[in-house]
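The values are calculated or read from the model by the stated rules, or taken from the named source; none is laboratory data. For clarity, every value in this text was computed on a predicted model and none was experimentally measured. Glycine gets a Cβ as well: all are built from the backbone with ideal geometry, and neighbour counts include every protein chain shown. Remember, those area values only see protein heavy atoms, side chains included, never the ligands or the DNA or RNA. Shrake-Rupley method; radii C 1.70, N 1.55, O 1.52, S 1.80 Å.
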Amino acid sequence: MATLTDFHSLAERVRNWGRWGADDELGTLNFITPAKIAAAAGLVRHGKVFPLGIDFGSSGPQGAFQFRQNPLHVMTVDGGDAKTLAEYGPKWLRNSVAGELSSFFADNPFRFNDDMIIMPLQAATQWDALSHVYYADQLYNGFPAESVTSQGAFHCGIDKVDGKGITSRGVLLDLVRYRGADTYLAPGAPITADELDECAARQGITIESGDIVLVRTGWWDRYLEARDGAEPYSGLDWTCALWLHEHEVAAVAADNLMVEDPASGVDGTFLPLHMLCLRDMGLMLGEYWDFSALAADCAADGVYEFQLVAPPLRVIGAVGSPLNPIAIK
Ligand code: UVW
């Protein structure tokens, strides 16, 4: 087991503070250059589209933690309303929603349905913004922790990365096939940097500056069988921070709940890779992505690179965002 001293020494090696200027809030997304984006578009050869988002709804994976709930989808106007309110609305409630709707529906053929969703931004397929995790009272690039207020994050919010898209060359590292696992990686065996290199080599792929690396652990496939959000899993060992740093990876996403392995690996800390990536490196993490269909296609044609298009929602000051990323081959 590593110590906090080991953690701080790795933090020193991977820290990108000041690398792109004192005001920078993009972090490793700076590795995604215009040339990189143009080259990534050139990876589209067949017009095959793979949505990588999970369902947003009551069947989601939340429940393991009390502070996060599954998305709540609520209809605010529906077909029953059209019939009933047209007839009864004005009689029931004047100057009310019912009265307003009845005025839309009465004496004309126009009908519509509306809905809304209530959810923690971290409940399903998501990006963690750089303000999501920090330690020692500082966010990425030294911004003060108190700049994240009840009104949102004034620094390192998800809105700060809007200009980057986010789009780049995506590379899938299929650790399930690499380890020869059935459905998913057995819990208790963190993925090491050597395995990432060996997996890439076996897939015939080179990790390049500005890539967004997708790590398949098979956990999402396991979730769909077990329907248990607390299902144990394996993820990246905390020391993979150095691998991500040395390869100039722009962002990393996984098909599990936290990207990193739940066994911290550092005595006295929780989620050390989160702290190193988000706070020290300025590297965003994607969680609860679904790689099943993409992985099957990559195994079939042997091509593990593609254009990845993964824009977050522009929620001002949010510390994360839901999204439906797509890979295009
Ligand atoms: C935390 O780090 C608390 O959550 P997540 O795994 O969603 O990033």
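Starting from the amide H of Arg19, placed 1.01 Å from N in the peptide plane, find each other amide H under 5 Å away whose residue is 5 or more places distant or on another chain.
Distant-sequence amide H within range of Arg19: zero hits.
Over the range 8-82, with every protein chain in place, what whole percent of the accessible area is carbon and sulfur at 1.4 Å, could you tell me?
On the range 8-82, the fraction of accessible area on carbon and sulfur atoms equals 55 percent.
Report the label-to-label distance for Asp267 and Tyr88 in nanometres (one decimal), using points 7 Å from each Cα along the Cα→Cβ vector.
For Asp267 paired with Tyr88, the spin-label model returns 6.8 nm.
Can you give the Rg and Dmax of the chain based on its C-alpha atoms, in angstrom?
22.2, 74
When the Cα centres of the range 134-180 and the range 1-61 are compared, how far apart do they sit, in Å?
7
Report the gain in length on full extension from Asp115 to Ala299: 0.36 nm times residue separation, minus Cα-Cα distance, nm rounded to one decimal. Don't jump to the answer; show the numbers that get you there.
Details: separation 184, 0.36 × 184 = 66.24 nm, distance 3.90 nm.
Difference between extended and current length: 62.3 nm.
Within the range 45-104, report the chymotrypsin sites (Phe, Trp or Tyr not before Pro) that DSSP leaves as loop and that have at most 13 other Cβ atoms within 10 Å.
Here the sparse-neighbourhood loop sites are Phe65, Phe67.
When ligands, DNA and RNA are left out and all protein chains stay put, how many square angstrom of accessible area per residue does the chain have with a 1.4 Å probe?
Averaged over the residues of the chain, the accessible area is 44 Å².
Which value in deg cm²/dmol, rounded to the nearest 500, describes the helix-derived mean residue ellipticity at 222 nm for the chain, given -39,500 (n - 2.57) per DSSP H run of n ≥ 4 and division by the residue count?
So the calculated ellipticity at 222 nm is -7000 deg cm²/dmol.
Testing the spin-label approximation: label points 7 Å from Cα along Cα→Cβ at Thr149 and Ala181. State their distance in nm.
Distance between the two pseudo-spin positions: 4.3 nm.
Non-local amide H neighbours of Lys48 (under 5 Å, H modeled in plane, Pro and chain starts lacking H): which ones?
Long-range HN contacts for Lys48: Lys329.
Could you state the number of Å between the C-alpha centres of the range 216-239 and the range 245-260?
15
What is the total of Lys pairs in the chain with C-alpha atoms under 28 Å apart, excluding same-chain pairs fewer than 8 positions apart?
Values: Lys36/Lys48; Lys36/Lys160; Lys36/Lys164; Lys36/Lys329; Lys48/Lys164; Lys48/Lys329; Lys83/Lys91; Lys164/Lys329.
Going through the chain pair by pair, I get 8.
Which sequence of Glu198, Glu12, Glu231 reflects their accessible areas, 1.4 Å probe, from the largest down?
Final ranking, largest accessible area leading: Glu12, Glu198, Glu231.
Tell me, what % of the accessible area of the range 198-271 is carbon and sulfur with a 1.4 angstrom probe?
48
When only the heavy atoms of the protein chains count and the probe is 1.4 Å, how do Met281, Met116, Met1 rank by accessible area, highest first?
Solvent-accessible surface, decreasing: Met1, Met116, Met281.
Can you give the extra length, in nm with one decimal, that the chain gains between Gln138 and Arg227 once fully stretched, where that is 0.36 nm per residue apart less the Cα-Cα distance?
28.4 nm
For Asp197 and Ala64, calculate 0.36 nm times their separation in residues minus their Cα-Cα distance, and state this gained length in nm to one decimal.
Using 0.36 nm per residue and subtracting the Cα-Cα distance, I get 44.7 nm.
Obtain the nm distance between the two label points defined at Lys48 and Ala189 by a simple spin-label model: each point lies 7 Å from its Cα along the Cα-to-C-beta direction.
Between Lys48 and Ala189, the label points sit 2.7 nm apart.
Mind checking the range 149-247 for trypsin sites (Lys or Arg not before Pro) that DSSP puts in a loop (not H, G, I, E or B) and that have at most 13 other Cβ atoms within 10 Å?
On the way: sites: Lys160, Lys164, Arg169, Arg177, Arg179, Arg202, Arg216, Arg222, Arg227; in loops: Arg227.
Loop-located and lightly packed - Arg227.
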